[in-house]
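J.: Below: one structure in structure tokens.
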Amino acid sequence: MRMVELIQKKRNGLVLSPEEIRFIIRGYVQGSIPDYQMSALTMAIYYKGMTAEETAELTMAMAQSGDQVELSFPGKTFVDKHSSGGVGDKTTLIVGPMVAACGVPVAKMSGRGLGHTGGTIDKLSSIPGFQVEMKQKDFLEQVNRIGLSVTAQTGNLVPADKKLYALRDVTATVDSIPLIASSIMSKKIASGARGIVLDVKYGSGAFTGSLKEAKILAKTMVRIGRNLGRETVAILSNMDQPLGKAVGNSLEVLEAVNSLQGNGPADLMEVSYELASWMLVLGKKAKTRDEARKILEENVEKGRAWQKFLEFVEAQGGNTAAVANKQFTLAPIRLEVKAEKNGFIHNQDARVIGICAMNLGAGRETKESSIDLGAGICLEKKSGDYVRKGETVFELYTSNAEKAGLVADLLKTAVRIKDQPVSHKPIVAQVILK
Ligand code: URA
């Protein structure tokens with residue numbers, strides 16, 4: 001088999017066989033297929049798509065490209081969640097402790113930022129001392145002990161996705177349904193989750209712009225999960241504007257801390273409760289989503305979810321005093337973007353805000369770029385709010401004086417202010433169970 005012929009086959013819109021898909025993944029992981037050929041293939045997939053069978057095969061080939069974790073906790077169903085990627089999405093930091101505090105173990109493998117979206121691992125790295133890379137043995141020991149652990153894709157877990165994820169990020173091939181589905185599901189399958197809750201985003205800041213595309217992605221992943229004997233549920237949530245009010249690593253951890261203490265923004269809490277409720281249902285702690293929600297709300301009110309977060313930070317070497325005292329280092333240059341007229345905020349374009357945050361230093365422009373953990377954007381107003389001319393809409397944090405002004409100008413284009421009030425749309429549009 002020759003890679004160039006397989007690229008040509010996909011480029012011409014033909015279907016790759018299971019053997020061809022396995023040959024590609026094996027060759028890429030071993031290094032006999034170079035990045036430039038893989039880039040050409042991912043671009044061909046981007047344009048020509050994949051059948052359900054090809055996507056399922058790609059998922060399994062990726063999941064089996066390295067070690068696979070076998071998780072079993074006597075009498076407990078271990079669950080996992082994953083987001084298809086958004087701006088300001090810090091739900092893992094909130095949902096993980098919430099669910100673990102209710103007695104359902106959560107062991108999660110997370111990624112770094114991708115394109116204009118953030119990644120949980122980068123966010124956790126902004127906690128002083130926090131170890132994001134764990135040995136498999138420690139990862140498992142910690143879930144058994146405290147019910148929660150989060151690790152980067154270390155060692156030999158899904159090496160195919162580790163390489164592909166970074167490559168797609170810099171070759172404009174992230175927003176392809178088969179590539180997103182196989183990337184997410186291969187990680188969930190290799191990390192051994194029995195129950196999987198997916199947050200599939202749609203809207204300007206998501207990789208799937210329309211609700212229709214997000215539904216196809218959600219159904220593709222639910223089908224893959226269920227065919228492999230994992231209970232899988234997907235929610236479809238809106239990403240036209242960032243989730244919550246903070247975008248950028250340290251800023252988002254700070255917002256997660258406030259949320260766990262009961263002071264989270266409404267949209268962020270709504271998505272977090274929805275995800276956590278389904279995790280409790282799959283984890284057999286509640287029969288219905290509504291019953292689960294009551295249990296979760298009580299755990300947050302009683303401070304148990306917050307205590308679980310501190311326990312988790314401590315277990316992974318993080319400085320709990322710094323977290324409890326909210327001592328996060330924010331970037332030194334601050335700039336405010338003001339409203340140019342009176343009116344209601346109709347939208348704050350999540351994609352533009354994500355790109356602005358990346359330019360301020362909060363995300364990576366290339367595979368090798370480093371990140372400024374203290375950089376980011378605070379949304380002082382959200383869609384639906386009334387704003388007066390001259391009031392602050394965004395606050396920017398950066399260490400890059402050259403970019404600050406340019407980004408502030410670009411941010412002005414992200415917000416639409418109109419005279420009419422905004423009609424309310426639910427943030428969670430649908431739940432896909434089958
Ligand atoms: N999250 C992933 O893990 N992979 C993708 O491709 C997109 C979002």
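The values are calculated or read from the model by the stated rules, or taken from the named source; none is laboratory data. Just so you know, these numbers come straight off a predicted model, no measurement behind them. So basically every Cβ, Gly included, is an ideal-geometry build from the backbone, and we count neighbours across all protein chains shown. Note: accessible area is taken over every heavy atom of the protein model, side chains too, but ligands, DNA and RNA are not part of it. Shrake-Rupley method; radii C 1.70, N 1.55, O 1.52, S 1.80 Å.
J.: Considering each of Glu340, Glu301 in turn, give the residue that is in the same structural domain as Thr117 (by TED's automatic domain parsing) and open to solvent by 60 Å² or more (accessible area, probe 1.4 Å). Full working, then the answer.
T.: On the way: Glu340 fails: in the same structural domain as Thr117 (by TED's automatic domain parsing).
Selected residue: Glu301, the only one of Glu340, Glu301 that is in the same structural domain as Thr117 (by TED's automatic domain parsing) and open to solvent by 60 Å² or more (accessible area, probe 1.4 Å).
J.: Residues of region 74-110 being open to solvent by 20 Å² or more (accessible area, probe 1.4 Å) and either more than 16 Å from the ligand (Cβ to nearest atom) or of a type in the set (A, V, I, L, M) (or both), which ones?
T.: Answer for region 74-110, where residues must be open to solvent by 20 Å² or more (accessible area, probe 1.4 Å) and either more than 16 Å from the ligand (Cβ to nearest atom) or of a type in the set (A, V, I, L, M) (or both): Pro74, Gly75, Lys76, Thr77, Ala101, Gly103.
J.: Checking Leu41 against (1) open to solvent by 10 Å² or more (accessible area, probe 1.4 Å); (2) under 26 Å from the mean Cα position of the chain (by Cα), only one condition comes out false. Which one?
T.: Failed condition: (1).
J.: Identify all residues within region 384-401 that are in contact with a Lys or Arg (Cβ under 9 Å, 6 or more places away or on another chain) and either closer than 29 Å to Ala172 by Cα or in a strand (DSSP E or B) (or both); write none if there are none.
T.: Selection gives Val387, Thr392, Val393, Phe394, Glu395, Leu396, Tyr397, Thr398.
J.: Could you give me the residue pairs with C-beta distances under 7 Å whose first residue belongs to region 87-108 and is over 16 Å from Ser259 (Cα atoms), whose second residue is part of a loop (DSSP other than H, G, I, E, B) and of a type in the set (D, E, K, R) wherever it lies, and which are 6+ apart or on separate chains?
T.: Final answer for the pair search is Cys102/Lys285; Gly103/Lys285; Val104/Lys285.
J.: For Gly354, only one of the following conditions fails: (1) assigned by TED's automatic domain parsing to the domain that holds Ala101; (2) assigned to a helix (DSSP H, G or I); (3) of a type outside the set (D, E, K, R); (4) closer than 30 Å to Asp169 by Cα. What is its number?
T.: Against the list (1) assigned by TED's automatic domain parsing to the domain that holds Ala101; (2) assigned to a helix (DSSP H, G or I); (3) of a type outside the set (D, E, K, R); (4) closer than 30 Å to Asp169 by Cα, Gly354 comes up short only on (1).
J.: Of everything in region 320-333 that's of a type outside the set (Gly, Ala, Ser) and touching a strand residue (DSSP E or B) at 6+ places or on another chain (Cβ under 6 Å), which residue is farthest from Lys201 (Cα to Cα)?
T.: Just the residues of region 320-333 that are of a type outside the set (Gly, Ala, Ser), to begin with: 320, 323, 325-330, 332-333.
With the extra rule that they be touching a strand residue (DSSP E or B) at 6+ places or on another chain (Cβ under 6 Å), the set shrinks to 330, 333.
Numbers: Leu330: 28, Ile333: 31 Å.
If we take residues in region 320-333 being of a type outside the set (Gly, Ala, Ser) and touching a strand residue (DSSP E or B) at 6+ places or on another chain (Cβ under 6 Å), then Ile333 is farthest from Lys201 (Cα to Cα).
J.: Looking only at region 327-351, filter to residues that are out of contact with any helix residue (DSSP H, G or I) (no Cβ under 9 Å at 6 or more places or on another chain) and in a loop (DSSP other than H, G, I, E, B); which one of those is nearest to Ser250 (Cα to Cα)?
T.: Pro332
J.: Given the conditions (1) within 28 Å of Thr151 (Cβ to Cβ); (2) open to solvent by less than 10 Å² (accessible area, probe 1.4 Å), which single one is not true for Lys10?
T.: The number of the failed condition is (1).
J.: Which one is nearest to Cys102 (Cα to Cα), of the residues in region 44-56 that are more than 16 Å from the ligand (Cβ to nearest atom) and either without any contact (Cβ under 8 Å) to a residue 40 or more places away in the chain or in a loop (DSSP other than H, G, I, E, B) (or both)?
T.: Restricting to residues being more than 16 Å from the ligand (Cβ to nearest atom) and either without any contact (Cβ under 8 Å) to a residue 40 or more places away in the chain or in a loop (DSSP other than H, G, I, E, B) (or both), the top hit is Glu53.
J.: Can I ask one more? Any residue at all in region 247-256 that's open to solvent by less than 10 Å² (accessible area, probe 1.4 Å), among the polar types (S, T, N, Q) and in contact with a Gly (Cβ under 6 Å, 6 or more places away or on another chain)?
T.: Yes, region 247-256 contains at least one residue that is open to solvent by less than 10 Å² (accessible area, probe 1.4 Å), among the polar types (S, T, N, Q) and in contact with a Gly (Cβ under 6 Å, 6 or more places away or on another chain).
J.: Sort out which residues of region 139-175 are open to solvent by less than 60 Å² (accessible area, probe 1.4 Å), assigned to a helix (DSSP H, G or I) and away from the ligand (no atom under 16 Å from the Cβ), and write them in order of number. Let's see the steps before the verdict.
T.: Keep residues of region 139-175 that are open to solvent by less than 60 Å² (accessible area, probe 1.4 Å), which gives 139-140, 142-143, 146-154, 157-161, 164-169, 171, 173-174.
Filter once more, keeping what is assigned to a helix (DSSP H, G or I): 139-140, 142-143, 146, 159-161, 164-169.
Passing the criteria: Phe139, Leu140, Gln142, Val143, Ile146.
J.: Sticking with this structure for a sec: Which one is farthest from the ligand (Cβ to nearest atom) among residues in region 204-216 that are modelled with pLDDT under 95 and crowded, with 24+ Cβ neighbours inside 10 Å?
T.: Among residues in region 204-216 that are modelled with pLDDT under 95 and crowded, with 24+ Cβ neighbours inside 10 Å, the one farthest from the ligand (Cβ to nearest atom) is Gly205.
J.: If you don't mind, there's one more thing I want to ask. Where residues in region 62-73 are touching a residue at least 24 places away in the same chain (Cβ under 8 Å) and more than 16 Å from the ligand (Cβ to nearest atom), which of them is most open to solvent (accessible area, probe 1.4 Å)?
T.: Step one: of region 62-73, the residues touching a residue at least 24 places away in the same chain (Cβ under 8 Å) are 62-71, 73.
Adding the requirement that they be more than 16 Å from the ligand (Cβ to nearest atom) leaves 64, 67-71, 73.
Numbers: Gln64: 89, Asp67: 71, Gln68: 91, Val69: 4, Glu70: 145, Leu71: 11, Phe73: 21 Å².
My answer is Glu70.
J.: Which one of these is touching a residue at least 24 places away in the same chain (Cβ under 8 Å), open to solvent by less than 20 Å² (accessible area, probe 1.4 Å) and within 19 Å of the chain's Cα centre (by Cα): Ile353, Ile371?
T.: Numbers: Ile371 fails: open to solvent by less than 20 Å² (accessible area, probe 1.4 Å).
Answer to the selection: Ile353.
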